[in-house]
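Structure, as structure tokens:
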Amino acid sequence: MYTVVGDVQSRALRVLWMLEELGVPYKHMAAPPRSEDVIAFNPAGKVPILLVDGTPITDSTAILTFLSDRHGALTFPAGTLERARQDSLTQFLLDEFDAALWMAARHSFVLPAELRQAAIKDSLKWEFARSQKVLAARMADGPYLMGDQMTVPDFILTHCGAWAEVAGFPITETRFANYLARMETRPALERVRAF
Ligand SMILES: N[C@@H](CCC(=O)N[C@@H](CS)C(=O)NCC(=O)O)C(=O)O
């Protein structure tokens with residue numbers, strides 16, 4: 001049995017959404033980061049955590065990869081060239097999208113107020129716009145990032161796109177905007193957004 005620890009406003013959304021797409025049963029513990037319930041499973045206090053029969057797995061990408069491999073869906077098989085491309089896209093999104101948004105969050109509300117450097121957000125937005133050009137060049141024709149198969153990086157990219165809009169990071173590439181509009185209509189994601 002799976003239990004997802006983390007509120008839906010966090011990266012836990014990626015994991016909840018994948019479980020809904022897979023159609024496997026799970027429980028949800030909507031604990032906020034750094035709460036006692038979270039620290040009991042992850043000393044870093046970070047979410048999401050996936051409990052697999054009580055054993056914790058941390059980090060959303062590790063969890064998505066575990067679930068997709070275990071259920072043989074939403075991924076290309078390990079050891080294939082398609083999987084190498086999939087993992088490369090995942091890494092690109094973590095480096096250029098997730099990291100920029102997380103850095104902006106740290107300097108908005110995560111770090112102690114006296115350590116925040118608000119000016120960093122302008123350079124992060126500039127980098128984010130530049131990375132979207134690279135993304136647009138790497139995107140397949142759709143409907144998904146890699147073409148006609150939905151894979152792990154779709155969960156990360158869609159989540160980062162919604163996060164960008166909330167954080168005031170403009171979506172500057174039309175291909176990316178169209179992709180996000182399409183992905184947001186997925187019934188599994190709509191179910192999770194309603195939590
Ligand atoms: N690389 C991790 C990052 C996890 C993370 O930073 N989660 C945020 C919420 S989305 C958090 O728990 N922050 C609390 C903190 O950093 O203290 C992942 O992808 O799961």
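So here's what we get for this one:
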| item | result |
| --- | --- |
| Matching option when the condition is within 11 Å of the ligand (Cβ to nearest atom), in contact with a Phe, Trp or Tyr (Cβ under 9 Å, 6 or more places away or on another chain) and aliphatic (A, V, I, L, M), among Ile57, Ile39 | Ile57 |
| Condition broken by Glu96, with the remaining ones in (1) within 12 Å of the ligand (Cβ to nearest atom); (2) without any contact (Cβ under 8 Å) to a residue 60 or more places away in the chain; (3) crowded, with 17+ Cβ neighbours inside 10 Å satisfied | (1) |
| Test result for Ser60, in the same structural domain as Asp7 (by TED's automatic domain parsing) and within 17 Å of Trp163 (Cα to Cα) | yes |
| Members of region 72-91 that are open to solvent by less than 70 Å² (accessible area, probe 1.4 Å) and without any contact (Cβ under 8 Å) to a residue 60 or more places away in the chain | Gly72, Ala73, Thr80, Arg83, Ala84, Ser88 |
| Filtered residue count, region 104-121, keeping only those that are crowded, with 18+ Cβ neighbours inside 10 Å and more than 21 Å from the chain's Cα centre (by Cα) | 0 |
| Number of the condition not met by Pro32 [criteria: (1) within 9 Å of the ligand (Cβ to nearest atom); (2) surrounded by 15 or more Cβ atoms within 10 Å (Cβ to Cβ); (3) closer than 25 Å to Leu111 by Cα] | (2) |
| Matching option when the condition is open to solvent by less than 50 Å² (accessible area, probe 1.4 Å) and over 24 Å from Leu189 (Cα atoms), among Leu124, Leu51, Leu101 | Leu124 |
| Region 10-23 residues that are in the same structural domain as Gly45 (by TED's automatic domain parsing) and open to solvent by 20 Å² or more (accessible area, probe 1.4 Å), paired with ones that are in a helix (DSSP H, G or I) and within 13 Å of the ligand (Cβ to nearest atom) (beta carbon under 8 Å, 6 or more apart) | Arg11/Ser60; Arg11/His159 |
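The values are calculated or read from the model by the stated rules, or taken from the named source; none is laboratory data. All of these numbers come straight from a predicted model, not from anything done at the bench. Because the Cβ atoms are built from the backbone with ideal geometry, glycine has one as well, and the counts that use them run over all protein chains shown. What goes into the accessible areas is simple: the full protein's heavy atoms, side chains included, and nothing from ligands, DNA or RNA. Shrake-Rupley method; radii C 1.70, N 1.55, O 1.52, S 1.80 Å.
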